[in-house]
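I have placed the structure first, in the form of structure tokens, so that the comments after it can refer back to it.
Quick note: the coordinates plus some simple rules give every number you see, no bench work behind them. From a predicted model like this one, the values you see are computed outputs, not experimental measurements. Reconstructed Cβ throughout: ideal geometry from the backbone, glycine too, with neighbour counts over all protein chains shown.
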Amino acid sequence: MSATVNVNGRVFDEKSAVVSVFDHGFLYGEGVYETLRTYNGQPFLFDRHTWRLRKSAEMLSLSVPIPDAEIDRRIRETLRAAGLGAGDGSSEAYIRVLVTRGVGEISYDPASCPEPSIVIIVKPQVDPPPEAFELGVTVALVPIVRNHPGSVNPLIKSNNLLNNALAMQEAFRRGAFEGVMRNYKGELAECTTANLFVVKHGAALTPPVDAGLLAGLTREFLFEVGADAGIPVREQTLKDDDLFGADEAFLTSTTREVVPIVGVDERTIGSGLPGPITRALLAGYRKRARATRPLTAAGTRRPEL
Ligand SMILES: Cc1ncc(COP(=O)(O)O)c(C=O)c1O
């Protein structure tokens, strides 16, 4: 790993970047985060990410004490220090923005933490291997239940990731690319770090947000890509059999775009190869994402040609 890190406005190399052990992010997992990536050096869907960051923070009564323009400035400063984000296609960046409760007493009282900590981690974006897109991946349907929305609501993109980590550890043990989690009602919810879609009769279906899942921005963007491509993309409650009997399936996330799923544990999904709807949605997603414009020297977006 080679990361460059902005801690509360100061840029460090990965070895020197530290936060206090008394930060409630470390002590209690109290904090929220966003994962962004660049296309042509530009953080993709920046406004949607900062909107979701603030929504997640609100759900923890946590303030994000700097405006979006300052988050943007810190990201760009860190990208420059990392030698990333040049926009010449040489290397795209992974960007993780974290906001935690900050440093305080060993107490759940948020009043003991006067100042949230803001950390931005930047490193080269690593895409899934080309075979993942060309041949598809296998996922594991894991027994770890996705958090009940009345507990730690999966809508919160929280630094408290034990639910997801335990599920992914099980998927790793089974040699799978990802783990699919059910909700407390036994319905399909999402993957451990991605949203889940199945394709049936030409339509891409994904569990509704109230099934208890993270409202992924790639998932949301895919509704727009589908509308463009004339492919119905909609929410529907899904059960195990919907996945087993799907014509196609795929997962979505910021860093992995649209990855075809061709197997669940020992079962084959559809033809066992990425299907036409998945391929069309991936192509539509990439076309739109890669149309993201680099900035001019003056820092303003180039006009569309
Ligand atoms: C639990 C979970 N679901 C879904 C996603 C996909 O979200 P997005 O498309 O915004 O990256 C993520 C991304 O990290 C995630 O952690």
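Quick look at the numbers
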{"read-out": "Qualifying residue in region 57-70 (condition: within 16 Å of the ligand (Cβ to nearest atom) and in contact (Cβ under 8 Å) with a residue 40 or more places away in the chain)", "value": "yes"}
{"read-out": "Residues that are surrounded by fewer than 22 Cβ atoms within 10 Å (Cβ to Cβ), farther than 15 Å from Leu141 by Cα and out of contact with any strand residue (DSSP E or B) (no Cβ under 6 Å at 6 or more places or on another chain), drawn from region 187-216", "value": "Lys200, His201, Gly202, Ala203, Val209, Asp210, Ala215"}
{"read-out": "Subset of region 163-210 [within 24 Å of Arg279 (Cβ to Cβ) and either of a type in the set (Lys, Arg) or more than 15 Å from the ligand (Cβ to nearest atom) (or both)]", "value": "Ala176, Val198, Val199, Lys200, His201, Gly202, Ala203, Leu205"}
{"read-out": "Subset of region 217-242 [within 16 Å of the ligand (Cβ to nearest atom) and within 19 Å of Val142 (Cβ to Cβ)]", "value": "Leu238"}
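One line per residue, one yes/no per condition, for (1) surrounded by fewer than 15 Cβ atoms within 10 Å (Cβ to Cβ); (2) more than 16 Å from the ligand (Cβ to nearest atom); (3) touching a residue at least 60 places away in the same chain (Cβ under 8 Å):
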residue: Gly9; (1), (2), (3): yes, yes, yes
residue: Gly29; (1), (2), (3): no, no, yes
residue: Gly83; (1), (2), (3): yes, yes, no
residue: Ile118; (1), (2), (3): no, yes, yes
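Per-residue answers, yes or no, for (1) within 15 Å of the chain's Cα centre (by Cα); (2) away from the ligand (no atom under 13 Å from the Cβ):
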position: Pro128; (1), (2): yes, yes
position: Ala140; (1), (2): no, yes
position: Val152; (1), (2): no, no
position: Leu161; (1), (2): yes, no
